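Student: Take this structure first; my questions come after.
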Amino acid sequence: MDAFNDFLSSMLPYTEWAMLILLIGGGLFLAFYSKLLPYRYFGHAIAITSGKYDDKDAKGDVSSLQALSSAVAATVGLGNISGVAIAIYMGGPGVIFWIWMTALLGMAIKFYSCSLAIMYRGEDSEGKLQGGPMFYITKGMGKKARPLAVFFCVAGLFGFLGVFTANQFTQTFMNVVKPDENLMVLGEFNWKLTIGIILALITSFVIFGGLKKIAKVATAIVPFMVLLYFLAVVVVMFMNASEILPSLKLIFAEAFNLKTAVTGGFWGLVILGVRRAMFSNEAGLGSAPMYHGQSKTKEPTREGLVAMLGPFIDTIVVCTLTAVVIILSGAYLEAESNGIIMTLIAFKKSLFGVGDVLLMVIVAAFALSTLFTYSYYGVKCLSFLTNAKIGRFFNWYFVATIVFAAVASVDLVINLIDLAYALMVIPNMIAVLWLAPKVNQSAKTYFSKLQDERA
């Protein structure tokens, strides 16, 4: 595992600049190229999500709300709870500012990529409607661009594993329950292995049931858990109200403080923010278009607006809440606490000593919903590379890697995901930027139609 981790660490720097240019540069370009359209129609996006414009006759498998819930299920969760902690651990509180900046640009990227997911839908070998980067690359850019789609799918076979989730859930369980002390002496490795096997079993019951089951489970679990997490954070903030403004001030002060930008100077801090923001909301990654491509809608612009809410919900709202709790509790100053453990310390300190138990329950639900949605993305990648029948075998590989991740180190898991994500961003963002004029054209038609209807 150490040798594998060293290899991943040595590969990461080669992908950083491509990711930075495509995500930040590409995001800035799209925000201005759209004349800030995604931000101007924020209210309209909420109206669409509420079901006001649902079209029962449209093709697709899930409603826009279900697609958003499932996409948010894959992103709101451990990416926000432990991803933020890892970012603060590695780069200090200032990194949160760069996470915000990336998320705002991520809203424009999501608008374009998920509009394309509806615009260029394809079918798999079984004739089922599909959407996602591989389809808008091959259908929108033409057959010559197929190598880009293949590159995306191969990286997806690693990026869409539930390794980070399984790893962080195992860490949470070991830290909160302390099974060797409170349950039975098995030794750390054996306990981690046991947790991995149990997680793998639970996941396999749902993922072998298909998409509609996943959407149902995710739509049921996620809003409730987000609400519970939100309430827990609000209680912590209420009890430490005087510390909220100083915590936010610290984020802004440290964002431009070159002394704290340990990880490779100032750019290191920015890159860290970009990486963790992408991990948190997956903008530019190409995963959300796979879900939104299944929505029952004929209007690409409508789906793009719904998808744009994702980065706002899970990064601007949820990540900020987590960051403030970690900073005001002082948990970020405890140097040894990487990953979810830092957030657990923050909750335990702030919520009458039982906050870590509450967080474990929330993390368990988030972990399962993330595992259910991720397996679906991987199946799509393998199906595109082979066919729908072979694609389903991804689930077996997915379940096996859950057990591996439970016993692996946090560093190895983060490096594996960071590398796979950076590689997926490259073909996806090239396609999104290439096809952006088509989205603008479609949006223009949609909004003039909308004005006529309202007139």
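The values are calculated or read from the model by the stated rules, or taken from the named source; none is laboratory data. Source: prediction; values computed, not measured. Quick reminder, even Gly has a Cβ in these numbers, built from the backbone with ideal geometry, and neighbours come from all protein chains shown. With ligands, DNA and RNA removed, areas are computed over all heavy atoms of the protein, side chains included. Shrake-Rupley method; radii C 1.70, N 1.55, O 1.52, S 1.80 Å.
Student: For segment 207-217, enumerate the residues that are at pLDDT 75 or above and surrounded by 15 or more Cβ atoms within 10 Å (Cβ to Cβ).
Tutor: Of everything in segment 207-217, just one residue is at pLDDT 75 or above and surrounded by 15 or more Cβ atoms within 10 Å (Cβ to Cβ), namely ILE207.
Student: Then there is this: Can you tell me which residue in segment 377-402 is nearest to GLY159 (Cα to Cα), limited to those that are in contact with a Leu (Cβ under 7 Å, 6 or more places away or on another chain) and surrounded by 18 or more Cβ atoms within 10 Å (Cβ to Cβ)?
Tutor: Residue satisfying both the conditions and the ranking: GLY378.
Student: Does THR315 qualify as being at pLDDT 85 or above, in a helix (DSSP H, G or I) and of a type in the set (Val, Ile, Thr)?
Tutor: no
Student: Please verify whether segment 344-353 includes one or more residues that are open to solvent by less than 30 Å² (accessible area, probe 1.4 Å), at pLDDT 80 or above, under 24 Å from the mean Cα position of the chain (by Cα) and of a type outside the set (A, V, I, L, M).
Tutor: The answer is yes; a qualifying residue exists.
Student: Give me the pairs: first residue in segment 218-238 and under 16 Å from LEU328 (Cβ atoms) and buried (at least 19 other Cβ atoms within 10 Å of the Cβ), second residue at pLDDT 85 or above and of a type in the set (S, T, N, Q), beta-carbon distance under 8 Å, and six or more apart or on different chains, which are they?
Tutor: VAL233/THR322
Student: Would you please list the contacts, defined by Cβ atoms under 7 Å and residues six or more apart or on different chains, that run from a residue in segment 322-337 that is more than 9 Å from SER247 (Cβ to Cβ) to a residue that is at pLDDT 85 or above and of a type in the set (A, V, I, L, M, F, W, C)?
Tutor: So the pair list comes out as TYR332/ILE326.
Student: Sort out which residues of segment 184-207 are without any contact (Cβ under 8 Å) to a residue 60 or more places away in the chain, among the aromatic types (Phe, Trp, Tyr) and more than 17 Å from SER369 (Cα to Cα), and write them in order of number. Can you show your working first?
Tutor: Step one: of segment 184-207, the residues without any contact (Cβ under 8 Å) to a residue 60 or more places away in the chain are 184-188, 190-191, 194, 198, 201, 205.
Those left that are additionally among the aromatic types (Phe, Trp, Tyr): 191, 205.
Within segment 184-207, just TRP191 meets the criteria.
Student: In segment 111-138, which residues are assigned to a helix (DSSP H, G or I) and either without any contact (Cβ under 8 Å) to a residue 24 or more places away in the chain or open to solvent by less than 10 Å² (accessible area, probe 1.4 Å) (or both)?
Tutor: Of everything in segment 111-138, those that are assigned to a helix (DSSP H, G or I) and either without any contact (Cβ under 8 Å) to a residue 24 or more places away in the chain or open to solvent by less than 10 Å² (accessible area, probe 1.4 Å) (or both) turn out to be PHE111, TYR112, SER113, CYS114, SER115, LEU116, ALA117, PRO133, MET134, TYR136, ILE137, THR138.
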